Structures are given as C-alpha cells and as structure tokens.
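K.L.:
Just passing along the structure, written as structure tokens.
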Amino acid sequence: MSENFKITFSDQKIINSTISILIIFLPFSLVAGPFLSDFSISLVSVLFIYLSLRYKLKKYYLSRISIFFFIFYIILNLSSIFSKDVIESLRISMLYFRYYIFSLALWYIIELFPKLLKYLLVSFVVCLFCLIFDGFYQFSFGKNIIGWEIIDTRISSFFKDELVLGSFLSRVFPFVFALIIFNINFFLKKKINLFLIFILLVNIEVLTFLSGERVAFFYINLSAIYLIIMMKNYKIFRTASLFFALLAISAISFYMPEYKERIVDRTFNQIVKDNEKENIISKDNVYIFSQEHTNHYKSAYKMFDENKFLGIGPRMFRAQCNVKKYVTSFESCSNHPHNNYLQVLAEIGLIGLILFFVPFFLLIYFSIKHLILKFFYKKYLFSDFQISLLSCFLITLWPIVPTGDFFNNWLNIIYFFPLGIFLYSLENQKLENK
C-alpha cells in the first residue's frame, strides 16, 4: 500500500473530531427528524467500525453486553430469514447493529475526550430551552414561532405534525439529568446556573403534560420516582423540581381543563368503556389501555401462537395483521402492536422475548440490590450519575405501557444514546476500583 493511503495520526484525529461533532449536535438532529439523526449515527458507526479494524479496538466488542447484543442480533436476522418477506424483513434487521455500534463509538470517544459530556450537555440544554420557549409560545398564541399551529390542543413545537414532543422530552430528561450530575462542579460555580437548570427541569415536565402524550407523562414521572428513591445526593433537588412542576400542571388543569381531559379523563374512558345504562364496570367492558390497543395485542398474540420460536419476522406485523387468521376486529391492524414486548413476541418469537426480557430483569435485580445496600448498609452499588442513566433504561424497558414501533430508527437512537455513556461509566468504575 502506498504511503499516501496509510492512516496517519492526523487522519485519526479528523475521524475522532467528526464523531465528536456529530454526537454533540445529535440533540438538534433528533429534533430535525429521523433522517438527519439516522444519517448521523450511521456515519458515526461506519467511522468507528473503520477505526476498530484499523486499530484493533477489541475491548469494545468483547464485553458481556456486546456479546449479549450480538446474540440478539443473530436471532433477529434468523427471524427475518424465516419470515414471509425475507428481503423486507432483512432490510430492517441487517442494519439494526448500527445503533449498538453507535453506543460503542460513544463509549470510545468519551474515553478519549471526557469533556465531550460537558459539550453534549450544553447542546442538550440549548436544544431544550429552544423547545421550551417555542412550546410555550405555541401554547400562548396557538402557533409556534414559525407558524405551525397547535393540533387538537397538543403542543408539538418544532416537531410540527409529528406529535412526539412529549416522547422526546420524557426520554431525554433523565439522560440530561445524568449529564448535569456528571458536570455538577460546573453548575456549582454560579448559583444562576443551578437556577437555570431548575427552571429547565420544571418546564420540561410541564411541557410534557401540555404535549398531551399520556405515555410520555407517565414516563417522566416514573423516572422521577426512580431517581428520588435510588439517588444519594440529588433527590431533594429532583423532588423540588417535580413538586413545582406538578403545582404548575394543577393550575393549568384547573383553568384549562381540556389539557387534563386528555391526560386523565380520556385515559380512564379508554380503559373502561362507559356503560350508560347500568353505570357499572364489568369484565366485559374493561380493556388494556383502549379497545384498539387490546385488539392489536390479540392479533400480536395470534401471530406468536403460530410462530412461537422465531416469530413472523422483524416489522412484519404491519404486513400480516390483515391476514384473516390474525384479525380480531376492524381495529386489529396497525403498523405495529403498540407494545414492545408484544411486538418482540410476535415478530421475533419466544427466543427474542426471553433475550429482550433479560435486561429488564437485570435492571430490576440490580436496582433492588442497590436499595438493600442503601437502606441497610449505607453503601451504593451505583453512583447517582449511573442511576440517572439506569432510569433511561427503565423507561425503555417498562413492559406495561403502550409504545412506539420497536424498530423505529428515531426511537432506537434515543434508546441506545445513554447506553454508550453507561458503558463508559462501568469501565471507568473498574479502573477506579483497581
């Protein structure tokens, strides 16, 4: 090979800088939409694979978590191979590895440049304040600063007609909280910094409520409860921000009951169908979240029942839900069954479900172990920084809630974002304990 084509240190530095820049601007890419964010993490993955091969970065691929992921990835592709539409299913499963490689790239780059977490926090804070300003502007005037109107009382801000503002806020909230803890010394230098962060946390919660996304509102409060119970040093700060947010939400609900109606009243009405004649609740009119959701779940179970081990193939629910033997009602068909566990059960089968359930089981197991050490021995298995990251996984893995498409690229980027930082924290913890 000619000397002109050899990778030099300066070339590696350019690649590292490119990865860093793409990661720092990822919060804005996520707001811009799935194409830009997917392009960013795909490019990061390709660059990291190249560096891995060139510099033999084996340790990132030999961790137990990496081995577990690659087993899941193999099952995913086996399921595609045995599906009804092999090419379409493989199109989804073959490229699924890019999300995990992105996590490894994040782990790698933070080890090289720990200050990246400070720049990433700044990026998130700026992005979130932009969403907060624009969201409340839309709430106040009926349209956001570039003229996009409210849709059915649901604040969407720069996401326009993609009603995912609450999903974005609720999922990145604990992640941002982790970055705040990691960079806490920066905020302690000036009281104004802590005040701005407090305002940020309160407004994220309120804006999630105004987005009208019921699952997102559940997620943000689930993570809040988890943090308050599990943390050592920052639970008062999180409790205070939650308290003031709930006060603001209560005031909004009192003066503008249409927002409460969607989050509370409509949820109850969907779970329990009104019986106007007898005014009672019976087993015949109780649904899992809603009648529509229940029919999706029944169809997913039927698919599993006929394809127990490997399922019908990744993202095949949308293609098979109209098949007569899987139909439960006119509402049973959709792009996905709106629950990650049932989607995995239907599309990847029992083997996939067992593998998918393992991380949730381990999360609960180690969380309980952390609590036992905390309350009985005054010791801590995880740092507050790690607890905040674990709350991200709790949201992702929580089983009893409607969810988006498990294979959605935008969601998977958010799923895998905190994983890279968590892997870095585990490695760093090992080095500190030596």
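K.L.:
For segment 1-131, rounded, prolate or oblate, judged on the Cα gyration tensor with a ≥ b ≥ c (square roots of eigenvalues), a/c < 1.5 rounded, else prolate if a/b > b/c?
P.N.:
oblate
K.L.:
While we're here: For the chain, just give the cysteines left without a disulfide-compatible partner, judged by no other Cys Cβ under 4.7 Å.
P.N.:
Here Cys127, Cys130, Cys392 come out as lacking a disulfide-compatible partner, given the Cβ-Cβ threshold of under 4.7 Å.
K.L.:
Shifting gears a bit: Going toward the positive end of the dipole of the chain, with +1 on Lys and Arg Cβ and -1 on Asp and Glu Cβ, which of Phe168, Tyr55, Trp107 do you reach last?
P.N.:
Tyr55
K.L.:
Out of the total accessible area of the chain (probe 1.4 Å, heavy atoms of protein only), what percent is carbon and sulfur?
P.N.:
67 percent
K.L.:
Moving on to the next point. Would you mind checking the pairs Lys56/Lys118; Lys189/Lys232; Lys160/Lys190; Lys118/Lys374 and listing those with alpha carbons more than 31 angstrom apart? Don't skip to the answer; put the middle values down first.
P.N.:
Values: Lys56/Lys118 28 Å; Lys189/Lys232 21 Å; Lys160/Lys190 36 Å; Lys118/Lys374 29 Å.
Flagged as over cut-off: Lys160/Lys190.
K.L.:
Is it possible to state the helix-based mean residue ellipticity at 222 nm for the chain, with each DSSP H run of 4+ residues giving -39500 (n - 2.57), the sum divided by total residues, to the nearest 500 deg cm²/dmol? What is it?
P.N.:
Helix contribution divided over all residues of the chain: -23000 deg cm²/dmol.
K.L.:
Still on this structure, I have one more. Once you charge only the Cβ atoms, +1 for Lys and Arg and -1 for Asp and Glu, what is the size of the charge dipole of the chain about its Cα centre, to the nearest 20 debye? It would help to have the intermediate numbers written out before the result.
P.N.:
On the way: 42 positive and 29 negative charges, 341 e Å.
For this selection, approximately 1640 debye.
K.L.:
Below 8 Å between Cα atoms, with a sequence gap of 6+, how large is the relative contact order for the chain in percent?
P.N.:
19 percent
K.L.:
How much of the calculated P(r) for segment 350-433 lies past 18 Å, in percent of all Cα pairs? Intermediate results must be reported in sequence, preceding the final value.
P.N.:
Working: 1815 of 3486 pairs.
In whole percent, the share of Cα-Cα pairs in segment 350-433 beyond 18 Å is 52.
K.L.:
Still on this model: What is the sum of charges, Lys and Arg at +1 and Asp and Glu at -1, for the other residues whose Cβ falls under 13 Å from the Cβ of Ile67?
P.N.:
Net charge in that neighbourhood comes out at +3.
K.L.:
Okay, moving on. Classify segment 88-154 as rounded, prolate or oblate, taking a ≥ b ≥ c as the square roots of the eigenvalues of its Cα gyration tensor: rounded when a/c is under 1.5, otherwise prolate if a/b is larger than b/c and oblate if not.
P.N.:
oblate
K.L.:
Let me ask something else. Could you point to the residue in His338, Val206, Phe195 farthest towards the positive end of the chain's charge dipole, with +1 and -1 charges on the Cβ of Lys/Arg and Asp/Glu respectively?
P.N.:
Among His338, Val206, Phe195, the one farthest towards the positive end of the dipole of the chain is Phe195.
K.L.:
Then there's this: What whole-number value in Å² describes the accessible area per residue of the chain for a 1.4 Å probe?
P.N.:
About 50 Å² of surface per residue is accessible.
The values are calculated or read from the model by the stated rules, or taken from the named source; none is laboratory data. Computed from a predicted model, the values in this text were never measured in an experiment. Neighbour counts are summed over all protein chains in view; Cβ atoms, including those assigned to glycine, are modelled from backbone coordinates with ideal geometry. For accessibility, only protein heavy atoms count, side chains too; no ligands or nucleic acids. Shrake-Rupley method; radii C 1.70, N 1.55, O 1.52, S 1.80 Å.
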